[in-house]
Every structure is written in C-alpha cells, then in structure tokens.
Amino acid sequence: MNKKIRNATITKQKNITFKSQLEKSVYNTLQQLGFKPKYEPKTFTLIDAFEAKTPYYDKETDNQLKKRRELGDSSARKLVKKSNKFQGIRYTPDFYFKYNGIDIYIESKGFENDVFPIKKKLFLRYLNTIKTPSMYFEIYTKKQLLQAIEIIKEYATTSLDKNVTSGTS
C-alpha cells in the first residue's frame with residue numbers, strides 16, 4: 001500500500017513504478033491510443049523557498065515540550081519562535097505529452113489530499129503565464145480519460161483549423 005496516497009497500491013510495469021493502479025491504467029490507455037505519455041517527467045516550482053522577514057511564533061514541538069518538562073517545568077505548551085525559512089511549493093503532474101503543439105498535463109486522482117487543491121490552483125496559474133498552449137485534466141476513471149482524449153483531439157483540430165484560416169501555422 002502506498003502510504004502517501006490513501007488506498008493506493010504501488011504497481012510496477014517495465015521500468016516504471018506507478019504510485020497507483022489508476023496511474024498504470026491511464027498510462028497504458030494513453031499508449032494503446034497512440035500517445036507517448038511521460039510519467040512524472042518534471043517537477044514545477046510553484047512558489048520558491050523563502051525566508052520570512054516577519055518573526056512568528058507557534059506552539060512547542062513534542063520534543064521541546066518533553067525537554068522542558070524533564071527540566072521540571074510542567075506548564076502547558078508554550079509559544080516559541082520558529083525558523084524563518086520556508087520550503088518552496090512544488091508540483092509534479094502524473095503525465096505529460098505533447099499533442100499537435102499543445103502541452104497536455106494529466107493528473108490521475110483517487111482521493112485528494114488537503115494540499116492538492118492549492119497546488120492545482122497554483123499550477124493552473126503557472127500555465128497561464130507560459131506561451132505554449134496547454135491543457136490540464138484531472139482524471140478519476142478510465143471513462144473520464146477517454147472523454148479527455150476526445151476533448152484533446154477536438155481542441156487540437158479546432159486550434160489547427162483556426163491557425164490555417166487566419167494565415168498562421
């Protein structure tokens with residue numbers, strides 16, 4: 001069982017270790033339909049690491065409380081000054097491939113964790129800043145994947161038609 005993903009089973013196929021059965025199914029379906037998906041090919045930094053200028057305080061860690069109590073202070077948990085260093089926020093889409101000049105990102109989801117909605121919003125915001133046409137899909141079932149593929153093909157065809165009729169290519 002995959003501890004990072006609730007109810008997920010790590011699955012290996014050839015030289016790829018998928019974090020869930022759904023990811024393996026999405027990969028196989030994309031390949032069977034002629035796409036060349038890459039599994040977790042790139043991690044995007046959505047927010048850089050930073051150092052806070054504003055001091056901040058939070059409750060003691062369990063270890064800090066234990067040490068203080070060993071020294072004889074049995075009072076309740078205290079506020080302590082915390083480090084000013086924060087890690088960046090990173091996101092790795094499950095799948096990426098290019099189709100007719102469009103970057104396609106697919107996230108296969110069983111259950112969302114508490115952080116995913118924020119990372120998804122930040123990633124979609126990032127996609128707004130790049131010049132390459134992109135599409136993003138959040139897939140929960142094979143049926144949704146097949147629907148996504150139809151959307152991709154229709155969008156790519158429509159985009160090509162617009163470029164041809166407007167005189168660009």
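Summary of computed values
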| read-out | value |
| --- | --- |
| Where Phe44 falls short, out of the listed (1) within 23 Å of Lys119 (Cα to Cα); (2) without any contact (Cβ under 8 Å) to a residue 60 or more places away in the chain | (2) |
| Criterion: modelled with pLDDT under 95 and within 18 Å of the chain's Cα centre (by Cα) - qualifying residue of Asn84, Asn113 | Asn113 |
| Hits in the stretch 24-43 (condition: surrounded by 15 or more Cβ atoms within 10 Å (Cβ to Cβ), out of contact with any Pro (no Cβ under 6 Å at 6 or more places or on another chain) and hydrophobic (A, V, I, L, M, F, W, C)) | Val26, Phe35 |
| Residue list for the stretch 125-150, restricted to those being open to solvent by 70 Å² or more (accessible area, probe 1.4 Å) and among the hydrophobic types (A, V, I, L, M, F, W, C) | Leu146 |
| Cross-chain or 6+ apart pairs with Cβ under 7 Å, the stretch 144-169 first and more than 29 Å from Leu22 (Cβ to Cβ) and at pLDDT below 55, then open to solvent by 100 Å² or more (accessible area, probe 1.4 Å) and not in a helix (DSSP H, G or I) | Asn163/Ser169 |
| Exclusive hit being under 30 Å from Ile149 (Cα atoms), aliphatic (A, V, I, L, M) and out of contact with any Gly (no Cβ under 7 Å at 6 or more places or on another chain), set Leu71, Leu33, Leu65 | Leu33 |
| Filter pass, Lys53 being part of a loop (DSSP other than H, G, I, E, B) and within 21 Å of Ile118 (Cβ to Cβ) | no |
| Conditions (1) in a loop (DSSP other than H, G, I, E, B); (2) exposed (fewer than 13 other Cβ atoms within 10 Å of the Cβ): number failed by Pro93 | (2) |
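Residues checked against (1) open to solvent by less than 80 Å² (accessible area, probe 1.4 Å); (2) in a loop (DSSP other than H, G, I, E, B):
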| position | (1), (2) |
| --- | --- |
| Leu22 | yes, no |
| Thr45 | yes, no |
| Asn63 | no, no |
| Arg77 | no, yes |
| Lys98 | no, no |
| Glu107 | yes, no |
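The values are calculated or read from the model by the stated rules, or taken from the named source; none is laboratory data. Computed from a predicted model, the values in this text were never measured in an experiment. A quick note on method: Cβ atoms are made from the backbone with ideal geometry, for glycine too, and the neighbour counts reach across all protein chains shown. In case anyone asks, the SASA skips ligands and DNA or RNA and just uses the protein heavy atoms, side chains included. Shrake-Rupley method; radii C 1.70, N 1.55, O 1.52, S 1.80 Å.
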